[in-house]
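Visitor: Supplied in structure tokens, the structure appears directly below.
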Amino acid sequence: EQFYEEEMQRQVDLGQALSRLSPAASFRYATTELADTGIGFYANFRKSSRRFQDGFREYAEQVASRRQSGQLADHWLQLEEVPDMRLVPARAADAVAAIYLDLLLLGVYTTLFFVGAYARFLRYDVT
């Protein structure tokens, strides 16, 4: 499973790098990361999911061992003992650090397009 996730992350990184040739992709990556709905959110979700799975597996093993030893009462389910899944939102500083490259690319694209349009305007013959 770890190999699969590493390979998937490598492909996502390659896809992002190639798609950043488009200003629309840079804008999309910047806005989704800033809104905490982008690929960084997915990675955070996967980490939280793994923590929850590990905690729940440990809890289930404890319940199974209590059941086998006969220590399980009639009302054995205590909700405060069951682990919960917590998603920690990204900090604003982390979100800005994640979109730094995209903001830089958007600035470069804006400058290039403006210079191109201005050069075309200067070459335009009015007569």
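Visitor: Between helix 39-68 and the chain, what is the angle of the helix's C-alpha long axis to the longest principal axis, kept within 0 to 90° and rounded to the nearest 10?
Guide: 0 degrees
Visitor: If you count only protein heavy atoms with a 1.4 Å probe, what accessible area per residue comes out for the chain, rounded to a whole Å²? Please report the intermediate quantities before stating the final value.
Guide: Values: 10380 Å² over 127 residues.
Normalised by residue count, the accessible surface of the chain is 82 Å².
Visitor: Still on this structure, please answer the following. Rounded to a whole number, what % of the accessible area of the chain do carbon and sulfur atoms account for, probe 1.4 Å?
Guide: Working: 6410 of 10380 Å².
The value for the chain is 62 percent carbon and sulfur by accessible area.
Visitor: Another question, then. What would the Debye equation give as log₁₀ I(q)/I(0) for region 28-83 at q = 0.17, 0.30 Å⁻¹, counting only Cα atoms as equal point scatterers?
Guide: Summing over Cα pairs of region 28-83 leads to -0.65, -1.09.
Visitor: In square nanometres and to one decimal, what's the mean projected area of the convex hull around the Cα atoms of region 53-127? Present the calculation step by step, with values, prior to reporting the outcome.
Guide: Values: hull surface 39.0 nm².
Convex hull of Cα atoms, orientation-averaged projection: 9.7 nm².
Visitor: Any idea what log10 I(q)/I(0) is at q = 0.09, 0.13, 0.21 Å⁻¹ for the chain, Debye with uniform C-alpha scatterers and no solvent?
Guide: Those come out to -0.50, -0.75, -1.20, one per q.
The values are calculated or read from the model by the stated rules, or taken from the named source; none is laboratory data. All values derive from a computational prediction rather than experimental measurement. Ligands, DNA and RNA are stripped out before the accessible areas are found, and what is left, the full protein with its side chains, is counted by its heavy atoms. Shrake-Rupley method; radii C 1.70, N 1.55, O 1.52, S 1.80 Å.
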